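Since the structure comes first, as structure tokens, the remarks are kept for the end.
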């Protein structure tokens, strides 16, 4: 069954913020068995909102709108819906009572501007917002369903994954199961060759998307029941894993840092990092995983040569002979981190992230990554492309992968 | 003059990737004096692409489409345009010649699939792609203009900011100047009160957008010439700065880390960091600024208590008496970093980022940030909301702001 979505707000169209809700809605609808057939951004304009709603409801039976439900004068979604459906806007006494009670409980002053959030198009059901003030709206029009959600991320997600998910469950058509595999170290074109006919399968479908130094493979199966769809998806996931082996780092859409932390936990190993060009980005990625403190001791942001020499014992002679961006320095950083922090694995990263600082011998994008363990130290020379932050991210990605493959071997 | 945009691709609607091109197009159109009136995402379906193009061209005179110009079977934008305009698709000998020459020069095999990229709707001008294979297309239909760009980010941006920018310059209506101010430390509602009537101005307009622990104020002025628009925008920017003072950290859309690095450079001061819950994120933000090595010595990711004690000399007694997340520990981290690295400023961050690890006394979101300098050490206790990464980001933002205000005082 097809569904459409509309994001409302000048800030989206003028490019002040990115419409990430569109992606969230896409994933949400797919996981609920809907085909997300079209998404539209419109401005804060009653006529344009109404027009977009009318057009969408002429094409599909399920429409979700986001934004424009707040208290200010440019929040016009209520008015747009009322115009599209040719309805009046009325006060909802239940919502007014609840909002006033919440304000009173927090000793906050009720503001006449807030009255706006107690209003709804006459046929709408107002759904209280668990993490904010503006209620969501749900309207049934014959066999069609129109939902409007507030725009702030936490409120939007809380309502979408909560009450709206329940509400749409009854409209679910066939059962669809999606699995995301993530692959590192294989270019997309190469991947298509290795996967061969699997890429042409109709059910499940397999679609590749290129990320930052990884490829995501989206497996989508549909079936008469959830069990059938699960089984189909599972078989294809297994077939892909057989073909790609260790290049698949997750079959459940985990970030590479999450996979590495989980492997370290299982093997009861500890990790420390020494970062130069990445400046803490590797540590930030690892510590973004809850519970990483079990395995991550910490690290050194050895941005200056002095810090490299003093904190992780890189030989000053090598720093001046080979330069800070070199195989011996990366090696000594990894080994120094491992020794100083007394951890099982030490990672060292040093490179030229640009945009300046490159030379013909050492161009922007040249990065050395090193992994020290009791088995010895491995150094890789990388030639990365992209802007400063992409080069840095790619260096963290390949460092994590170097450790992952070591942990698997 | 209104313009619309269309992004084409299943991967956008199914939520596999975020449609960041929509934001880029929004900024591009605004800066070229167009009002971005609507953006639409459609699937890889000839009929749906054609339908969306027809609808948009009925509303506006300028339409930019992105995606679906590659060589594979799901790249259908050429066909969609041809269907919408009722035209045939023809081979472009100039494009074919150029692409074959490029392949030959790189010793790469010409592949029959690539023929598709030498085709264009009959009335289209093919614009060669400087960083990839798929050409862009530009079509004039009476006074209307339809542009189609390839989807890969580098190709899209290279063509948009290059040839397409030139092409649209001739269609520019009034002159529009946009300035972005960034503000930290003031809630949005408070900001509106402090700015008063400025928020209601019609030319320039002033629009606030809430970011992660900051507010962006977008000032948009239009005028008969670029000079007039520049002057109007400049006057409003000055008026805002008078009202908000040091709470404005940039009048040119710079990131807070960029502003701090620039202040440090001007004052010839150096910085080091000690990070616990942020795990390197502060260092990563600072080092994302090119040239930060002039002022940033490095830092310690003191994730474990042992590292806090050993590397930056936090007293073990205080770690056990007050806990790792406490005022004295943040203070000693900042002071330890400053002393060990021999820098002018030391920053220490320790907190509970969640989702686990909170207690009634020390809930998730409790973060201590400390700044040590020759004037002494200042510690702030923060109560931050959001998920793990948002709490961490907010802690880095307020640490940078603490240093910025010290540098301004």
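Values for this structure:
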| quantity | calculated |
| --- | --- |
| Helix-derived mean residue ellipticity, 222 nm - over chain A, DSSP H n ≥ 4, -39500 (n - 2.57), to 500 | -11500 deg cm²/dmol |
| Förster-model FRET efficiency, 51 Å R0, residue A:142 and residue B:266, C-beta, rounded to 0.05 | 0.20 |
| The range A:256-408: translational diffusion in µm²/s, Stokes-Einstein, Kirkwood Rh over Cα pairs, 37 °C, 0.692 mPa s | 219 µm²/s |
| Principal axes of the range A:160-238: Cα extent on each, largest first, Å | 42, 26, 16 |
| Whole-number D in µm²/s for the range A:2-169 (Stokes-Einstein; Kirkwood sum over Cα pairs; 4 °C, 1.567 mPa s) | 81 µm²/s |
| Most fluctuating residue given options B:20, B:251, B:278, as computed from a GNM of chain B linking Cα atoms under 10 Å | B:20 |
| Tilt relative to chain B, helix B:93-105 - C-alpha long axis, 0 to 90 degrees, to 10 | 50 degrees |
| Kirkwood Rh (inverse of mean 1/r, distinct Cα pairs), the range B:256-320, angstrom | 12.7 Å |
| 20 Å tail of the calculated P(r), the range A:1-92, as % of Cα pairs | 36 percent |
| All-pairs Cα distance distribution in the range B:327-385, expressed in whole percent, bin size 10 Å | 27, 44, 23, 7 |
| Rounded tilt (10° steps) of B:20-31 against the dominant C-alpha axis of chain B | 80 degrees |
| Chain B - convex hull of the alpha-carbon atoms, volume per residue in Å³ | 191 Å³ |
| Label geometry 7 Å along the beta-carbon vector: residue B:109 inter-copy distances in nm | 7.6 |
| Closest approach to the A/B rotation axis among chain A Cβ atoms, residue and whole-Å value | A:280, 1 |
| C-alpha long axis of helix B:388-408 to longest principal axis of chain B, angle in ° | 70 degrees |
| Relative packing of peptides A:48-60, A:234-246 - highest average C-beta neighbours within 10 Å first | A:48-60, A:234-246 |
| Shortest-first distances to equivalent copies, position residue B:31, nm, label 7 Å out along Cβ | 3.6 |
| Peptide A:28-39, shielding by other chains (average Cβ, 10 Å cutoff) | 4 |
| R0 of 22 Å, Cβ-Cβ distance residue B:188-residue B:362: FRET efficiency to nearest 0.05 | 0.15 |
| Largest to smallest principal axis extent of the C-alpha atoms in the protein assembly as shown, angstrom | 72, 71, 63 |
| Separation between Cα centres of the range A:367-409 and the range B:132-153, rounded to whole Å | 39 Å |
| Shortest-first nm distances, residue B:238 label point to equivalent points in other copies (7 Å, Cα→Cβ) | 7.4 |
| All-pairs Cα distance distribution in the range A:53-144, expressed in whole percent, bin size 10 Å | 16, 49, 27, 8, 1 |
| Taking the C-alpha atoms of the range B:170-313, convex hull volume expressed per residue in Å³ | 152 Å³ |
| Alpha-carbon radius of gyration plus Dmax, which is the widest Cα pair, for the range B:241-286 in Å | 12.9, 37 |
| FRET efficiency, 1/(1 + (r/R0)^6) with R0 22 Å, evaluated for residue B:409 and residue B:322 via beta carbons | 0.15 |
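Each reported figure results from applying straightforward, stated rules to the coordinates on display, with no laboratory input. Just so it is clear, the structure is predicted and the values come from calculations on it, not from any experiment. Cβ sites come from the backbone with ideal geometry, for glycine too, and all protein chains shown count toward neighbours.
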